[in-house]
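Working notes, structure below.
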Amino acid sequence: MNADYDVIVIGGAFAGASTALMLKRQRPQTRILIVERATVFDRKVGESTSEVGACFMTRFLRITHHLDRHHLPKQGLRMWFNDDQNECPTMCSEVGSYYQSRLPTYQLDRAVLDAHLLDLAVKAGCELRRPAKVTEWVQETPQKNILTYEHEGVTQTATSRWIVDASGKAAMIARKLGHWRRLESHPTNAVWARFEGVADLDSYQLAEKYPAWANATRCGRNPATNHLTGRGWWCWIIPLKDGAVSLGLTYDRRLFSLPEGADLGARLKAHVMQHPIGKLMFEHATPIAGDTRAYGHLPYYSEKIADDGWSCVGDAAGFMDPLYSQGLDYAGHTVCASLRLITKALDGMDVTGDAAKLSADFNESYMRWQESLYLNKYHYLGDAELMRVAFLLDLGFYFVGPVRLVHDFLDEEMSLLPYAGKVGGVVAKIMSLYNRRLSHIAERRWAAGQYGRKNTGMRWLLKRGFAPDATIRRTIYDGLKAWLMVELHALTLPRLTEPVAKPAPGASLI
Ligand SMILES: Cc1cc2nc3c(=O)[nH]c(=O)nc-3n(C[C@H](O)[C@H](O)[C@H](O)COP(=O)(O)OP(=O)(O)OC[C@H]3O[C@@H](n4cnc5c(N)ncnc54)[C@H](O)[C@@H]3O)c2cc1C
(Lines give C-alpha, C1' and ligand atoms only; values in the text may rest on other atoms or scores of the structure.)
Protein backbone atom coordinates (compact mmCIF):
# COMPACT_ATOMS: atom_id res chain seq x y z
CA MET A 1 0.00 0.00 0.00
CA ASN A 2 1.14 3.49 -0.83
CA ALA A 3 2.00 5.52 2.28
CA ASP A 4 2.22 8.87 0.50
CA TYR A 5 -0.92 10.67 -0.67
CA ASP A 6 -2.05 13.99 -2.02
CA VAL A 7 -4.83 14.18 0.53
CA ILE A 8 -5.65 12.30 3.74
CA VAL A 9 -9.14 12.64 5.20
CA ILE A 10 -9.62 12.02 8.94
CA GLY A 11 -13.14 10.60 9.38
CA GLY A 12 -15.18 8.98 6.61
CA ALA A 13 -18.72 10.01 7.59
CA PHE A 14 -20.90 12.64 5.86
CA ALA A 15 -18.40 15.49 5.57
CA GLY A 16 -15.27 13.36 5.08
CA ALA A 17 -16.75 10.96 2.53
CA SER A 18 -18.34 13.86 0.58
CA THR A 19 -15.02 15.71 0.40
CA ALA A 20 -13.12 12.63 -0.74
CA LEU A 21 -15.79 11.63 -3.27
CA MET A 22 -16.10 15.06 -4.89
CA LEU A 23 -12.34 15.60 -4.95
CA LYS A 24 -11.91 12.30 -6.78
CA ARG A 25 -14.72 13.19 -9.20
CA GLN A 26 -13.35 16.67 -9.88
CA ARG A 27 -9.66 15.73 -9.95
CA PRO A 28 -9.41 11.98 -10.66
CA GLN A 29 -5.61 11.82 -10.47
CA THR A 30 -5.67 12.83 -6.76
CA ARG A 31 -4.37 10.11 -4.43
CA ILE A 32 -6.70 10.08 -1.42
CA LEU A 33 -6.66 8.09 1.82
CA ILE A 34 -9.65 8.07 4.18
CA VAL A 35 -9.04 6.96 7.78
CA GLU A 36 -12.25 6.07 9.60
CA ARG A 37 -12.40 4.98 13.24
CA ALA A 38 -15.74 3.15 13.27
CA THR A 39 -16.04 -0.39 11.93
CA VAL A 40 -19.60 0.42 10.88
CA PHE A 41 -21.56 3.65 11.25
CA ASP A 42 -24.28 3.67 13.83
CA ARG A 43 -27.32 5.91 13.80
CA LYS A 44 -26.56 9.46 14.77
CA VAL A 45 -28.11 12.90 14.92
CA GLY A 46 -28.23 14.98 11.75
CA GLU A 47 -31.32 13.16 10.48
CA SER A 48 -33.48 16.06 9.37
CA THR A 49 -32.28 18.10 6.39
CA SER A 50 -32.92 21.72 5.50
CA GLU A 51 -33.09 23.02 1.95
CA VAL A 52 -29.41 23.97 1.62
CA GLY A 53 -28.16 20.61 2.94
CA ALA A 54 -30.62 18.84 0.64
CA CYS A 55 -29.46 20.95 -2.32
CA PHE A 56 -25.88 19.92 -1.53
CA MET A 57 -26.90 16.25 -1.60
CA THR A 58 -29.22 16.30 -4.60
CA ARG A 59 -27.52 18.80 -6.91
CA PHE A 60 -23.87 18.70 -5.83
CA LEU A 61 -23.37 15.10 -4.72
CA ARG A 62 -26.16 13.92 -7.07
CA ILE A 63 -27.46 11.18 -4.78
CA THR A 64 -31.19 11.83 -5.24
CA HIS A 65 -31.89 8.25 -6.29
CA HIS A 66 -30.30 6.91 -3.10
CA LEU A 67 -32.16 9.47 -0.98
CA ASP A 68 -35.49 8.61 -2.58
CA ARG A 69 -34.99 4.86 -2.15
CA HIS A 70 -33.45 4.63 1.31
CA HIS A 71 -34.69 7.66 3.26
CA LEU A 72 -37.98 9.49 3.77
CA PRO A 73 -39.12 12.71 2.13
CA LYS A 74 -39.47 15.44 4.76
CA GLN A 75 -42.49 17.72 4.79
CA GLY A 76 -41.20 20.87 6.43
CA LEU A 77 -41.03 21.99 10.02
CA ARG A 78 -44.12 21.92 12.24
CA MET A 79 -44.29 23.33 15.75
CA TRP A 80 -46.71 22.48 18.53
CA PHE A 81 -47.33 24.63 21.62
CA ASN A 82 -49.27 24.15 24.82
CA ASP A 83 -50.00 25.68 28.22
CA ASP A 84 -50.26 24.23 31.73
CA GLN A 85 -54.04 23.81 31.67
CA ASN A 86 -54.64 22.06 28.36
CA GLU A 87 -54.53 18.27 27.94
CA CYS A 88 -56.27 18.00 24.58
CA PRO A 89 -53.93 17.53 21.57
CA THR A 90 -56.30 19.21 19.12
CA MET A 91 -56.22 22.39 21.20
CA CYS A 92 -52.42 22.74 20.99
CA SER A 93 -51.53 25.72 18.82
CA GLU A 94 -49.83 24.70 15.60
CA VAL A 95 -47.42 26.50 13.27
CA GLY A 96 -46.50 24.83 9.98
CA SER A 97 -47.38 24.32 6.34
CA TYR A 98 -50.79 23.67 4.84
CA TYR A 99 -49.46 21.97 1.69
CA GLN A 100 -46.43 19.80 0.99
CA SER A 101 -42.96 21.33 0.73
CA ARG A 102 -41.83 22.88 -2.53
CA LEU A 103 -38.15 21.85 -2.48
CA PRO A 104 -36.78 18.38 -1.70
CA THR A 105 -35.67 17.67 1.86
CA TYR A 106 -35.24 14.35 3.65
CA GLN A 107 -35.47 12.51 6.96
CA LEU A 108 -32.22 10.56 6.91
CA ASP A 109 -30.96 7.36 8.40
CA ARG A 110 -27.40 8.61 8.83
CA ALA A 111 -25.94 5.12 9.25
CA VAL A 112 -27.23 4.26 5.77
CA LEU A 113 -26.38 7.61 4.16
CA ASP A 114 -22.83 7.84 5.53
CA ALA A 115 -22.11 4.23 4.52
CA HIS A 116 -23.36 4.97 1.00
CA LEU A 117 -21.20 8.07 0.60
CA LEU A 118 -18.11 6.26 1.87
CA ASP A 119 -18.83 3.39 -0.48
CA LEU A 120 -19.11 5.81 -3.42
CA ALA A 121 -15.79 7.41 -2.44
CA VAL A 122 -14.06 4.02 -2.36
CA LYS A 123 -15.63 3.00 -5.67
CA ALA A 124 -14.41 6.29 -7.15
CA GLY A 125 -10.84 5.26 -6.22
CA CYS A 126 -10.14 6.53 -2.68
CA GLU A 127 -8.25 4.21 -0.34
CA LEU A 128 -9.86 3.44 3.01
CA ARG A 129 -8.39 2.28 6.33
CA ARG A 130 -11.13 1.10 8.65
CA PRO A 131 -11.42 0.66 11.56
CA ALA A 132 -8.43 2.94 12.01
CA LYS A 133 -7.99 5.68 14.55
CA VAL A 134 -5.83 8.70 13.85
CA THR A 135 -3.67 9.31 16.91
CA GLU A 136 -1.26 12.01 15.78
CA TRP A 137 -0.83 14.67 13.12
CA VAL A 138 2.28 16.70 12.52
CA GLN A 139 2.73 19.32 9.84
CA GLU A 140 6.42 19.15 9.08
CA THR A 141 6.11 21.82 6.36
CA PRO A 142 2.96 23.15 4.60
CA GLN A 143 3.82 20.65 1.84
CA LYS A 144 4.26 17.67 4.16
CA ASN A 145 1.80 16.35 6.74
CA ILE A 146 2.64 13.21 8.73
CA LEU A 147 -0.29 11.26 10.10
CA THR A 148 -0.13 8.38 12.56
CA TYR A 149 -2.99 5.94 12.96
CA GLU A 150 -3.77 2.59 14.59
CA HIS A 151 -5.06 -0.05 12.19
CA GLU A 152 -5.53 -3.74 13.03
CA GLY A 153 -3.37 -3.36 16.14
CA VAL A 154 -0.49 -1.83 14.18
CA THR A 155 0.71 1.77 14.33
CA GLN A 156 1.14 3.14 10.81
CA THR A 157 2.15 6.46 9.30
CA ALA A 158 1.23 8.14 6.05
CA THR A 159 2.29 11.44 4.52
CA SER A 160 0.32 13.88 2.39
CA ARG A 161 0.30 17.36 0.85
CA TRP A 162 -3.10 18.09 2.44
CA ILE A 163 -5.06 16.93 5.50
CA VAL A 164 -8.83 17.26 5.76
CA ASP A 165 -10.16 17.10 9.30
CA ALA A 166 -13.64 15.56 9.12
CA SER A 167 -13.49 14.01 12.58
CA GLY A 168 -16.74 15.68 13.72
CA LYS A 169 -17.04 16.72 17.33
CA ALA A 170 -13.55 15.31 18.02
CA ALA A 171 -12.28 18.31 15.98
CA MET A 172 -8.75 16.91 16.01
CA ILE A 173 -6.91 19.75 14.29
CA ALA A 174 -8.74 22.61 16.05
CA ARG A 175 -8.03 21.09 19.46
CA LYS A 176 -4.43 20.22 18.67
CA LEU A 177 -3.62 23.71 17.38
CA GLY A 178 -5.53 25.43 20.18
CA HIS A 179 -8.17 26.99 17.88
CA TRP A 180 -11.15 25.16 19.45
CA ARG A 181 -13.56 27.40 21.40
CA ARG A 182 -16.64 26.59 23.45
CA LEU A 183 -19.46 29.09 22.87
CA GLU A 184 -20.55 30.05 26.38
CA SER A 185 -23.35 32.43 25.41
CA HIS A 186 -25.62 29.61 24.24
CA PRO A 187 -25.65 27.05 27.10
CA THR A 188 -27.59 24.20 25.53
CA ASN A 189 -27.67 20.45 26.16
CA ALA A 190 -29.27 17.65 24.15
CA VAL A 191 -30.59 14.16 24.91
CA TRP A 192 -31.96 11.84 22.26
CA ALA A 193 -33.11 8.28 21.54
CA ARG A 194 -34.89 6.30 18.87
CA PHE A 195 -38.24 4.82 19.76
CA GLU A 196 -40.41 1.99 18.50
CA GLY A 197 -44.18 1.89 18.61
CA VAL A 198 -44.71 5.63 18.07
CA ALA A 199 -48.23 6.54 16.90
CA ASP A 200 -48.61 7.96 13.38
CA LEU A 201 -50.05 11.50 13.40
CA ASP A 202 -51.84 10.79 10.11
CA SER A 203 -53.40 7.47 11.13
CA TYR A 204 -56.99 6.35 10.56
CA GLN A 205 -57.46 6.02 14.32
CA LEU A 206 -56.55 9.65 14.98
CA ALA A 207 -58.59 10.89 12.01
CA GLU A 208 -61.59 8.96 13.36
CA LYS A 209 -61.14 10.41 16.83
CA TYR A 210 -60.32 14.00 15.78
CA PRO A 211 -61.73 14.48 12.24
CA ALA A 212 -61.63 18.30 12.13
CA TRP A 213 -58.06 18.35 13.41
CA ALA A 214 -56.98 15.63 10.96
CA ASN A 215 -58.52 17.51 8.04
CA ALA A 216 -57.06 20.89 8.92
CA THR A 217 -54.08 20.45 6.54
CA ARG A 218 -53.73 19.20 2.98
CA CYS A 219 -50.50 17.35 3.71
CA GLY A 220 -49.36 14.69 6.13
CA ARG A 221 -48.10 15.94 9.47
CA ASN A 222 -46.12 12.83 10.31
CA PRO A 223 -43.38 13.27 7.64
CA ALA A 224 -42.57 16.76 8.98
CA THR A 225 -39.93 17.37 11.58
CA ASN A 226 -42.41 17.95 14.39
CA HIS A 227 -41.22 20.15 17.22
CA LEU A 228 -42.83 20.27 20.63
CA THR A 229 -41.85 23.39 22.49
CA GLY A 230 -41.80 24.89 25.96
CA ARG A 231 -39.98 27.75 27.65
CA GLY A 232 -36.29 26.89 27.49
CA TRP A 233 -36.66 23.63 25.54
CA TRP A 234 -37.87 21.95 22.38
CA CYS A 235 -38.18 18.34 21.25
CA TRP A 236 -37.65 17.06 17.71
CA ILE A 237 -39.69 14.13 16.40
CA ILE A 238 -38.25 12.67 13.20
CA PRO A 239 -39.68 9.58 11.47
CA LEU A 240 -37.11 7.19 9.98
CA LYS A 241 -37.38 4.85 7.01
CA ASP A 242 -37.33 1.63 9.08
CA GLY A 243 -40.30 2.73 11.19
CA ALA A 244 -38.31 3.92 14.21
CA VAL A 245 -38.75 7.53 15.36
CA SER A 246 -35.97 9.80 16.54
CA LEU A 247 -36.91 11.87 19.58
CA GLY A 248 -34.54 14.48 20.96
CA LEU A 249 -34.73 17.18 23.58
CA THR A 250 -32.58 20.30 23.42
CA TYR A 251 -32.66 22.81 26.26
CA ASP A 252 -31.11 25.95 27.62
CA ARG A 253 -29.61 25.17 31.03
CA ARG A 254 -30.54 28.61 32.35
CA LEU A 255 -34.23 27.91 31.88
CA PHE A 256 -34.80 24.18 32.08
CA SER A 257 -33.36 20.97 33.46
CA LEU A 258 -34.44 17.43 32.72
CA PRO A 259 -35.99 15.82 35.84
CA GLU A 260 -33.77 13.19 37.48
CA GLY A 261 -34.24 9.46 36.90
CA ALA A 262 -32.22 6.31 36.45
CA ASP A 263 -32.63 5.83 32.74
CA LEU A 264 -32.15 8.58 30.13
CA GLY A 265 -34.63 7.05 27.65
CA ALA A 266 -37.32 6.87 30.34
CA ARG A 267 -36.61 10.46 31.43
CA LEU A 268 -36.96 11.61 27.84
CA LYS A 269 -40.24 9.76 27.44
CA ALA A 270 -41.57 11.12 30.73
CA HIS A 271 -40.78 14.63 29.52
CA VAL A 272 -42.40 14.28 26.09
CA MET A 273 -45.50 12.70 27.64
CA GLN A 274 -46.25 15.98 29.40
CA HIS A 275 -47.12 17.56 26.06
CA PRO A 276 -50.51 16.45 24.62
CA ILE A 277 -49.03 15.86 21.13
CA GLY A 278 -46.13 13.97 22.73
CA LYS A 279 -48.57 11.86 24.72
CA LEU A 280 -50.58 11.14 21.60
CA MET A 281 -47.49 9.84 19.81
CA PHE A 282 -45.36 8.28 22.55
CA GLU A 283 -47.84 6.75 24.99
CA HIS A 284 -47.16 3.20 23.77
CA ALA A 285 -43.61 3.80 22.54
CA THR A 286 -40.43 2.29 23.94
CA PRO A 287 -36.85 3.51 23.54
CA ILE A 288 -34.64 1.18 21.47
CA ALA A 289 -32.02 -0.39 23.74
CA GLY A 290 -28.52 1.09 23.43
CA ASP A 291 -29.70 3.95 21.21
CA THR A 292 -29.84 6.80 23.75
CA ARG A 293 -27.24 9.57 23.84
CA ALA A 294 -26.62 12.97 25.42
CA TYR A 295 -24.29 15.92 24.82
CA GLY A 296 -23.44 18.28 27.65
CA HIS A 297 -22.78 21.55 25.80
CA LEU A 298 -23.61 21.85 22.10
CA PRO A 299 -22.02 24.95 20.55
CA TYR A 300 -18.32 25.24 19.74
CA TYR A 301 -16.23 26.48 16.85
CA SER A 302 -12.69 26.69 15.58
CA GLU A 303 -11.15 30.16 15.24
CA LYS A 304 -9.15 28.92 12.30
CA ILE A 305 -10.54 26.30 9.91
CA ALA A 306 -7.86 26.22 7.21
CA ASP A 307 -4.26 27.00 6.40
CA ASP A 308 -1.85 25.93 3.70
CA GLY A 309 -1.85 22.12 3.96
CA TRP A 310 -5.00 21.52 6.02
CA SER A 311 -8.70 22.33 6.35
CA CYS A 312 -11.65 21.41 8.57
CA VAL A 313 -15.06 20.33 7.24
CA GLY A 314 -18.42 19.59 8.87
CA ASP A 315 -18.56 19.45 12.64
CA ALA A 316 -14.75 19.51 12.87
CA ALA A 317 -15.11 23.24 12.07
CA GLY A 318 -17.92 23.91 14.55
CA PHE A 319 -21.52 23.33 15.52
CA MET A 320 -24.24 25.63 16.82
CA ASP A 321 -27.76 24.34 17.45
CA PRO A 322 -30.02 21.75 15.83
CA LEU A 323 -33.28 23.79 15.92
CA TYR A 324 -33.37 24.53 12.20
CA SER A 325 -31.46 21.39 11.09
CA GLN A 326 -28.58 23.36 9.59
CA GLY A 327 -25.69 21.06 10.53
CA LEU A 328 -25.60 19.52 7.07
CA ASP A 329 -25.98 22.97 5.45
CA TYR A 330 -22.74 24.02 7.10
CA ALA A 331 -21.12 20.68 6.27
CA GLY A 332 -21.99 21.30 2.60
CA HIS A 333 -20.53 24.82 2.69
CA THR A 334 -17.28 23.81 4.43
CA VAL A 335 -16.82 20.79 2.15
CA CYS A 336 -17.21 22.92 -0.99
CA ALA A 337 -14.97 25.69 0.37
CA SER A 338 -12.36 23.09 1.26
CA LEU A 339 -12.54 21.48 -2.19
CA ARG A 340 -11.68 24.83 -3.79
CA LEU A 341 -8.66 25.29 -1.55
CA ILE A 342 -7.37 21.76 -2.04
CA THR A 343 -7.66 21.70 -5.83
CA LYS A 344 -5.88 25.06 -6.05
CA ALA A 345 -3.10 23.89 -3.74
CA LEU A 346 -2.66 20.60 -5.59
CA ASP A 347 -2.43 22.53 -8.85
CA GLY A 348 0.55 24.38 -7.38
CA MET A 349 -1.10 27.69 -6.49
CA ASP A 350 -0.53 29.64 -3.29
CA VAL A 351 -3.60 29.31 -1.04
CA THR A 352 -2.40 31.04 2.12
CA GLY A 353 -4.59 34.10 1.50
CA ASP A 354 -7.64 31.99 0.53
CA ALA A 355 -7.25 29.89 3.67
CA ALA A 356 -7.05 32.97 5.90
CA LYS A 357 -10.15 34.42 4.21
CA LEU A 358 -12.05 31.17 4.66
CA SER A 359 -11.28 31.17 8.40
CA ALA A 360 -12.31 34.82 8.72
CA ASP A 361 -15.55 34.20 6.77
CA PHE A 362 -16.34 31.14 8.85
CA ASN A 363 -15.94 33.05 12.11
CA GLU A 364 -17.99 35.96 10.82
CA SER A 365 -20.70 33.63 9.58
CA TYR A 366 -20.75 31.61 12.80
CA MET A 367 -21.00 34.64 15.09
CA ARG A 368 -23.71 36.28 13.02
CA TRP A 369 -25.56 32.98 12.81
CA GLN A 370 -25.49 32.72 16.60
CA GLU A 371 -26.55 36.29 17.26
CA SER A 372 -29.27 36.49 14.65
CA LEU A 373 -30.86 33.08 15.17
CA TYR A 374 -29.99 31.57 18.53
CA LEU A 375 -28.88 34.07 21.16
CA ASN A 376 -31.50 33.77 23.95
CA LYS A 377 -33.97 32.19 21.52
CA TYR A 378 -34.94 29.57 24.10
CA HIS A 379 -36.64 32.33 26.08
CA TYR A 380 -39.38 32.57 23.48
CA LEU A 381 -39.39 29.04 22.05
CA GLY A 382 -42.41 28.11 24.16
CA ASP A 383 -44.57 31.08 23.16
CA ALA A 384 -46.58 30.34 20.00
CA GLU A 385 -47.22 33.94 19.04
CA LEU A 386 -43.56 34.93 19.34
CA MET A 387 -42.26 31.78 17.68
CA ARG A 388 -44.65 32.28 14.78
CA VAL A 389 -42.94 35.60 14.09
CA ALA A 390 -39.55 33.87 14.16
CA PHE A 391 -40.83 30.99 12.02
CA LEU A 392 -41.98 33.38 9.27
CA LEU A 393 -38.96 35.67 9.42
CA ASP A 394 -36.18 33.13 10.09
CA LEU A 395 -37.38 30.85 7.32
CA GLY A 396 -38.29 33.77 5.07
CA PHE A 397 -34.76 35.17 5.26
CA TYR A 398 -33.30 31.67 4.91
CA PHE A 399 -35.20 31.20 1.63
CA VAL A 400 -34.52 34.65 0.25
CA GLY A 401 -30.80 34.28 1.06
CA PRO A 402 -29.01 30.94 1.43
CA VAL A 403 -31.65 28.73 -0.24
CA ARG A 404 -32.17 30.96 -3.29
CA LEU A 405 -28.45 31.54 -3.72
CA VAL A 406 -27.35 27.90 -3.61
CA HIS A 407 -30.13 26.89 -5.96
CA ASP A 408 -29.36 29.67 -8.46
CA PHE A 409 -25.56 29.67 -8.26
CA LEU A 410 -24.73 26.25 -6.91
CA ASP A 411 -20.95 26.00 -7.36
CA GLU A 412 -20.15 29.53 -6.30
CA GLU A 413 -22.53 29.86 -3.35
CA MET A 414 -22.03 26.42 -1.86
CA SER A 415 -18.37 27.27 -1.30
CA LEU A 416 -19.20 30.53 0.50
CA LEU A 417 -20.36 30.80 4.10
CA PRO A 418 -23.93 32.02 4.78
CA TYR A 419 -24.33 35.38 6.58
CA ALA A 420 -20.72 36.34 5.70
CA GLY A 421 -19.94 39.44 3.63
CA LYS A 422 -21.64 42.85 3.41
CA VAL A 423 -25.15 41.80 2.40
CA GLY A 424 -25.04 38.94 4.92
CA GLY A 425 -24.11 41.51 7.56
CA VAL A 426 -27.13 43.69 6.82
CA VAL A 427 -29.53 40.73 6.93
CA ALA A 428 -27.90 39.44 10.12
CA LYS A 429 -28.46 42.86 11.73
CA ILE A 430 -32.19 42.79 10.93
CA MET A 431 -32.48 39.23 12.16
CA SER A 432 -30.54 40.00 15.35
CA LEU A 433 -32.85 42.92 16.02
CA TYR A 434 -36.09 40.96 15.93
CA ASN A 435 -34.48 38.00 17.72
CA ARG A 436 -33.38 40.32 20.53
CA ARG A 437 -36.79 41.97 20.69
CA LEU A 438 -38.65 38.65 20.76
CA SER A 439 -36.54 37.27 23.59
CA HIS A 440 -36.93 40.51 25.54
CA ILE A 441 -40.71 40.50 25.02
CA ALA A 442 -40.77 36.85 26.11
CA GLU A 443 -39.13 37.77 29.41
CA ARG A 444 -41.61 40.54 29.96
CA ARG A 445 -44.50 38.25 29.14
CA TRP A 446 -43.11 35.66 31.56
CA ALA A 447 -42.75 38.19 34.36
CA ALA A 448 -46.29 39.46 33.70
CA GLY A 449 -47.81 35.94 33.61
CA GLN A 450 -48.72 36.36 29.92
CA TYR A 451 -46.21 33.98 28.40
CA GLY A 452 -47.82 31.61 25.89
CA ARG A 453 -51.10 33.50 25.83
CA LYS A 454 -51.92 32.01 22.40
CA ASN A 455 -50.49 28.56 23.01
CA THR A 456 -53.86 26.88 22.60
CA GLY A 457 -56.55 27.19 20.00
CA MET A 458 -54.45 28.69 17.17
CA ARG A 459 -53.72 26.97 13.86
CA TRP A 460 -51.27 29.07 11.86
CA LEU A 461 -50.89 27.07 8.66
CA LEU A 462 -49.01 28.65 5.82
CA LYS A 463 -50.77 28.17 2.48
CA ARG A 464 -48.14 29.92 0.39
CA GLY A 465 -45.35 27.67 1.60
CA PHE A 466 -41.68 28.51 1.35
CA ALA A 467 -40.03 28.87 -2.05
CA PRO A 468 -36.88 30.74 -3.11
CA ASP A 469 -38.74 33.13 -5.42
CA ALA A 470 -40.73 36.37 -5.27
CA THR A 471 -43.52 34.76 -3.19
CA ILE A 472 -41.19 34.67 -0.17
CA ARG A 473 -41.47 38.47 0.10
CA ARG A 474 -45.11 38.05 1.15
CA THR A 475 -44.05 35.62 3.88
CA ILE A 476 -41.46 38.08 5.19
CA TYR A 477 -44.09 40.81 5.04
CA ASP A 478 -46.49 38.61 7.09
CA GLY A 479 -43.68 38.03 9.59
CA LEU A 480 -43.01 41.76 9.93
CA LYS A 481 -46.73 42.39 10.45
CA ALA A 482 -46.89 39.68 13.12
CA TRP A 483 -43.81 41.22 14.78
CA LEU A 484 -45.53 44.62 14.85
CA MET A 485 -48.55 43.07 16.56
CA VAL A 486 -46.46 41.54 19.35
CA GLU A 487 -44.62 44.86 19.77
CA LEU A 488 -47.96 46.64 20.15
CA HIS A 489 -49.04 44.12 22.76
CA ALA A 490 -45.70 44.59 24.55
CA LEU A 491 -46.65 48.24 25.14
CA THR A 492 -49.23 46.95 27.62
CA LEU A 493 -46.66 44.90 29.56
CA PRO A 494 -44.81 46.22 32.62
CA ARG A 495 -41.11 46.97 32.16
CA LEU A 496 -38.58 44.50 33.53
CA THR A 497 -36.59 45.62 36.53
CA GLU A 498 -34.10 42.72 36.25
CA PRO A 499 -33.50 39.83 33.80
CA VAL A 500 -35.67 36.79 34.43
CA ALA A 501 -33.18 34.12 33.35
CA LYS A 502 -30.39 32.95 35.64
CA PRO A 503 -26.81 33.25 34.32
CA ALA A 504 -25.49 30.23 32.46
CA PRO A 505 -23.90 27.66 34.75
CA GLY A 506 -20.51 26.50 33.50
CA ALA A 507 -20.92 22.75 33.89
CA SER A 508 -23.14 20.31 32.05
CA LEU A 509 -26.27 19.49 34.01
CA ILE A 510 -27.47 16.35 32.23
C1 LIG B 1 -28.25 17.03 19.14
C2 LIG B 1 -27.93 17.29 17.69
C3 LIG B 1 -28.92 17.21 16.72
C4 LIG B 1 -28.62 17.46 15.39
N5 LIG B 1 -29.61 17.41 14.44
C6 LIG B 1 -29.33 17.77 13.16
C7 LIG B 1 -30.35 17.75 12.16
O8 LIG B 1 -31.50 17.41 12.41
N9 LIG B 1 -30.00 18.14 10.90
C10 LIG B 1 -28.73 18.50 10.56
O11 LIG B 1 -28.47 18.86 9.42
N12 LIG B 1 -27.74 18.46 11.47
C13 LIG B 1 -28.02 18.11 12.75
N14 LIG B 1 -27.01 18.04 13.67
C15 LIG B 1 -25.64 18.27 13.21
C16 LIG B 1 -25.12 17.04 12.45
O17 LIG B 1 -25.26 15.90 13.26
C18 LIG B 1 -23.68 17.23 12.08
O19 LIG B 1 -23.52 18.50 11.48
C20 LIG B 1 -23.17 16.17 11.11
O21 LIG B 1 -23.42 14.89 11.61
C22 LIG B 1 -21.69 16.38 10.90
O23 LIG B 1 -21.15 15.35 10.11
P24 LIG B 1 -19.58 15.14 10.09
O25 LIG B 1 -19.30 14.18 8.99
O26 LIG B 1 -18.89 16.44 10.12
O27 LIG B 1 -19.23 14.49 11.50
P28 LIG B 1 -19.61 13.07 12.09
O29 LIG B 1 -20.85 12.58 11.45
O30 LIG B 1 -19.57 13.20 13.55
O31 LIG B 1 -18.43 12.13 11.60
C32 LIG B 1 -17.14 12.18 12.13
C33 LIG B 1 -16.43 10.89 11.75
O34 LIG B 1 -15.07 10.99 12.13
C35 LIG B 1 -14.65 9.76 12.68
N36 LIG B 1 -13.52 10.03 13.58
C37 LIG B 1 -13.51 10.80 14.69
N38 LIG B 1 -12.29 10.81 15.26
C39 LIG B 1 -11.51 10.02 14.47
C40 LIG B 1 -10.14 9.62 14.53
N41 LIG B 1 -9.33 10.03 15.51
N42 LIG B 1 -9.67 8.81 13.57
C43 LIG B 1 -10.47 8.38 12.56
N44 LIG B 1 -11.77 8.71 12.46
C45 LIG B 1 -12.28 9.53 13.40
C46 LIG B 1 -15.89 9.24 13.42
O47 LIG B 1 -15.83 7.84 13.61
C48 LIG B 1 -17.00 9.67 12.47
O49 LIG B 1 -17.32 8.67 11.54
C50 LIG B 1 -27.29 17.77 15.01
C51 LIG B 1 -26.28 17.82 15.98
C52 LIG B 1 -26.60 17.59 17.30
C53 LIG B 1 -25.50 17.67 18.33
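The values are calculated or read from the model by the stated rules, or taken from the named source; none is laboratory data. Since this is a predicted model, take the numbers as computed values, not measurements. Reconstructed Cβ throughout: ideal geometry from the backbone, glycine too, with neighbour counts over all protein chains shown.
Values for this structure:
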| quantity | calculated |
| --- | --- |
| Qualifying positions in the range 296-336 - in contact with a strand residue (DSSP E or B) (Cβ under 8 Å, 6 or more places away or on another chain), more than 10 Å from the ligand (Cβ to nearest atom) and outside any loop (DSSP other than H, G, I, E, B) | TYR300, TYR301, SER302, ALA306, TRP310, SER311 |
| Members of the range 123-140 that are assigned to a strand (DSSP E or B) and in contact (Cβ under 8 Å) with a residue 40 or more places away in the chain | GLU127, LEU128, ARG129, ALA132, LYS133, VAL134, TRP137, GLN139 |
| Check on THR39, surrounded by fewer than 20 Cβ atoms within 10 Å (Cβ to Cβ) and polar (S, T, N, Q) | yes |
| Check on GLU385, closer than 30 Å to TRP233 by Cβ, assigned by TED's automatic domain parsing to the domain that holds THR475 and either over 17 Å from the mean Cα position of the chain (by Cα) or within 16 Å of the ligand (Cβ to nearest atom) (or both) | yes |
| Failed condition for LEU461, given (1) assigned to a strand (DSSP E or B); (2) closer than 22 Å to TYR374 by Cβ; (3) hydrophobic (A, V, I, L, M, F, W, C) | (2) |
| First in the range 163-180 and not assigned by TED's automatic domain parsing to the domain that holds VAL7, second anywhere and near the ligand (Cβ under 6 Å from one of its atoms) and part of a helix (DSSP H, G or I), Cβ under 9 Å, 6 or more apart | none |
| Whichever residue in the range 226-267 is out of contact with any Lys or Arg (no Cβ under 8 Å at 6 or more places or on another chain), in contact (Cβ under 8 Å) with a residue 40 or more places away in the chain and of a type in the set (Gly, Ala, Ser) and, among such residues, is nearest to the ligand (Cβ to nearest atom) | GLY248 |
| Conditions (1) assigned by TED's automatic domain parsing to the domain that holds GLY230; (2) at pLDDT 95 or above; (3) under 20 Å from LEU298 (Cβ atoms); number of the one not met by SER415 | (3) |
| Considering residues of the range 483-510 that are small (Gly, Ala, Ser) and more than 15 Å from SER439 (Cα to Cα) only, the residue modelled with the highest pLDDT | ALA504 |
| Residue match in the range 19-27 (condition: of a type outside the set (A, V, I, L, M, F, W, C), assigned by TED's automatic domain parsing to the domain that holds GLN274, surrounded by fewer than 23 Cβ atoms within 10 Å (Cβ to Cβ) and away from the ligand (no atom under 16 Å from the Cβ)) | no |
| Residue in the range 437-444 that is surrounded by 18 or more Cβ atoms within 10 Å (Cβ to Cβ), at pLDDT 95 or above and within 22 Å of SER50 (Cβ to Cβ) present | yes |
| Selection status of LEU393, assigned to a helix (DSSP H, G or I), more than 15 Å from the ligand (Cβ to nearest atom), touching a Gly at 6+ places or on another chain (Cβ under 8 Å) and closer than 21 Å to ALA428 by Cβ | yes |
| Any chance ASP84 is more than 30 Å from LYS123 (Cα to Cα), without any contact (Cβ under 8 Å) to a residue 24 or more places away in the chain and either more than 9 Å from the ligand (Cβ to nearest atom) or in contact with a strand residue (DSSP E or B) (Cβ under 9 Å, 6 or more places away or on another chain) (or both) | yes |
| Only listed residue being assigned to a loop (DSSP other than H, G, I, E, B), small (Gly, Ala, Ser) and more than 15 Å from the ligand (Cβ to nearest atom), chosen from ALA216, ALA212 | ALA216 |
